[in-house]
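Q: One structure is given below, represented as structure tokens, and several questions about it will come after.
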Amino acid sequence: MAQLWGGRFTKETDQLVYNFNASISFDKKFYRQDMEGSMAHVKMLAKVGILTEQEEKEILEGIQGILNDVENGSLEISDKYEDIHSFVEATLIDRIGDAGKKLHTGRSRNDQVALDMKLYTRDELISIRSELLDLIKTCHGLMKEHIGTAMPGFTHLQKAQPLTLAHHIGAYMEMFKRDYSRLNDIYDRMNYCPLGSGALAGTTYPLDREMTASLLGFYGPTLNSMDSVSDRDYVIELLNALSIIMMHLSRFCEEIILWNSNEYQFIEIDDAYSTGSSIMPQKKNPDIAELVRGKTGRVYGALNSILTTMKGIPLAYNKDMQEDKELTFDAYDTVKGCLALFHGMLKTITFHKDVMEKSAKNGFTNATDAADYLVNHGVPFRDAHSIVGQLVLYCIDKNISLDDMTLEEYKAISPVFEDDIYDAISIKTCIEKRNTIGAPGRTAMENVIAINQQWLENL
Ligand code: ARG
């Protein structure tokens, strides 16, 4: 057991207490951020005259040496230290002696851990954002490719109206763009540096908090030292944004699973992204999509956990806050993994355009257009709705589609129908006529794709 705070104690910590209290098994994940934060702190201490240039040099070289050795595997982060902060400080003192004992001047583990968590979260946000952007670019490409690929649109999982694959993917594109902008908002709100807040009440040293903030890429220092050491809003906000990303991925996965089923056969998931059955030789299962859908609950769990942990904590730091890490780190890793795998799966899917188009033609997806035809010929919409209802009933009875009816059959139900009804209810017309912005018609879609292209170029 190696503790930084033993001076005041007369007894060794009970081993179970030590284990329960220690965080090194999980906070070692941010060893790099911890050392980067320490190096900025040391540079600032030297600049304000608290450390000599010589001490600064020794400590910086010492920390850099520890960082290199951890990264090249020659130094193991041992569980015999309470946390990553103790590990770095103790190793530094071992290696460089007395100068190392000055590292923690004007700092508490409370502002240190607040900084580490923020730096780590910021790094994770950036890498998740870049995974998300890759996925967005693929969606953009698929939209361009499938502007003319007809498919049925569903409500209540019943065929509703025809649309295109570009339009369907475009719906997810909008969700992912919102996700992306949520990440940017969080970044802007969180990017203030807590270092220099001390345990809770700042310090008596003349620290230059602007300097450390700027060395570490923050917009500036945080403005209240109590808030700084007890704020985990940015973790909650990010887990919230990640939960929404997972919800979007999960819905997309659900559709991919349906589309890939024997009943739909709209798509085929690539062999590289499918798995087999140990007993049924014919099976090719969409496990990746199911796992992404399944892991969504895990990310929601992390969000719920931290919200609950934080809700009763009086100001300022309390040890409850150590619980901010394990599930959060797991959620960051889970989302990164899910985004990468989902993206790989989506890129390699084969779309069976013929099946999708055929399906769009069946199931009376053009019934609304038949009603609109009547409206355009002076029939009030409510009457038109009822007439087309009769047509549908007639077709169901004969097991045919609206396109298969003869003009005589149409006229028997309403004399308003003329020969141009066939063109009016063709799948192509049904889609092409829908050209208000946001609709699946080609002109509308081209417009949206151009807007998205601009969005990507302006990032
Ligand atoms: N391991 C602790 C955490 O994660 C570091 C802060 C310790 N501070 C303290 N006052 N005990 O929150």
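Q: At most 11 other C-beta atoms within 10 Å and a DSSP loop state: those are the exposed GluC sites (Glu not before Pro) I care about. Give me the longest piece of the chain that has none.
A: 264-459
Q: What percent does the relative contact order of segment 3-150 come to when contacts are Cα pairs within less than 8 Å and at least six residues apart?
A: Relative CO of segment 3-150 lands at 29 percent.
Q: As I understand it, the value is the acute angle between the Cα axis of helix 53-71 and the longest principal axis of the Cα atoms of the chain; what does it come to in degrees, rounded to 10?
A: It works out to around 50 degrees.
Q: Would you mind checking the tilt of helix 381-398 against the longest principal axis of the Cα atoms of the chain, expressed as 0 to 90 degrees and rounded to 10?
A: Compared with the principal axis, the helix lies near 80 degrees.
Q: Need one value: the accessible area of Trp5 in square angstrom, 1.4 angstrom probe, rounded to the nearest 10.
A: 80
Q: Among rounded, prolate and oblate, which fits segment 308-459 when a ≥ b ≥ c are the square roots of the eigenvalues of its C-alpha gyration tensor, a/c under 1.5 means rounded, and a/b larger than b/c means prolate?
A: prolate
Q: Mind grabbing the base-10 log of I(q)/I(0) for the chain at q = 0.07, 0.08 Å⁻¹? Debye formula, identical points on the C-alpha positions, no solvent, two decimal places.
A: Log10 I(q)/I(0), no solvent term: -0.53, -0.64.
Q: Take the alpha carbon atoms of segment 350-434, find their radius of gyration, then divide it by 2.2 N^0.38 Å using N residues; give the quotient.
A: That works out to 1.09 for segment 350-434.
Q: Taking the Cα centre of the chain as origin, work out the dipole magnitude from +1 charges on Lys and Arg Cβ and -1 charges on Asp and Glu Cβ, in debye rounded to 20.
A: In debye, rounded to 20, the chain gives about 460.
Q: What distance in nm separates the simple spin-label points at Ser78 and Glu61, each placed 7 Å from Cα in the Cβ direction?
A: In this crude label model, Ser78 to Glu61 measures out at 2.4 nm.
Q: Whenever you get a sec, compute what percent of the accessible area on the chain sits on carbon and sulfur atoms (1.4 Å probe).
A: The value for the chain is 52 percent carbon and sulfur by accessible area.
Q: For segment 376-402 and segment 306-374, write down the distance between their C-alpha centroids in whole Å.
A: 38
Q: Related question: Between the helical axis of 326-347 and the dominant principal axis of the chain, each derived from Cα atoms, what acute angle in degrees is found, rounded to the nearest 10?
A: With both axes taken from Cα atoms, the answer is about 40 degrees.
Q: Among the lysines in segment 13-80, how many pairs, 8 or more places apart or on different chains, have alpha carbons under 17 Å apart?
A: Lysine pairs meeting the criterion: 4.
Q: Sticking with this one: Listed here are the pairs Lys159/Lys295; Lys361/Lys411; Lys283/Lys358; Lys177/Lys319; Lys159/Lys283; which of them are more than 32 Å apart at the Cα?
A: Lys177/Lys319
Q: Still on this model: Going by a ≥ b ≥ c, the root eigenvalues of the Cα gyration tensor, does segment 176-284 fall in the rounded group (a/c under 1.5), the prolate group (a/b larger than b/c) or the oblate group?
A: prolate
Q: Treating segment 1-126 as a set of equal point scatterers at the Cα positions, no solvent, please give the Debye-formula log₁₀ I(q)/I(0) at q = 0.13, 0.22 Å⁻¹.
A: -0.54, -1.40
Q: With an 8 Å cut-off on Cα pairs and a minimum separation of 6 or more residues, tell me the relative contact order of the chain in percent.
A: This gives 15 percent for the chain.
Q: Still on this model: Could you check the simple spin-label distance between Lys11 and Asp397, using points 7 Å along Cα→Cβ, in nm with one decimal?
A: In this crude label model, Lys11 to Asp397 measures out at 9.1 nm.
Q: Relative contact order of segment 231-301, please, whole-number percent, based on alpha carbon pairs below 8 angstrom and at least 6 residues apart.
A: RCO, segment 231-301: 39 percent.
Q: How much accessible area per residue does segment 261-386 have, counting only protein heavy atoms and a probe of 1.4 Å, in square angstrom?
A: Per-residue accessible area for segment 261-386 comes out at 52 Å².
Q: In deg cm²/dmol and to the nearest 500, what is the mean residue ellipticity at 222 nm of the chain if only DSSP H runs of at least 4 residues count, each as -39500 (n - 2.57), divided by the residue total?
A: It lands at -20000 deg cm²/dmol.
Q: Per residue, what accessible area does segment 23-73 have, given a 1.4 Å probe and all protein chains present, in Å²?
A: With the other protein chains kept in place, segment 23-73 gives 42 Å² per residue.
The values are calculated or read from the model by the stated rules, or taken from the named source; none is laboratory data. Keep in mind the model is a prediction, meaning the values are calculated, not measured. Note that we place each Cβ from the backbone using ideal geometry, even for glycine, and neighbour counts take in every protein chain shown. When the accessible area is computed, the model is the full protein with side chains, heavy atoms only, and any ligands, DNA or RNA have been set aside. Shrake-Rupley method; radii C 1.70, N 1.55, O 1.52, S 1.80 Å.
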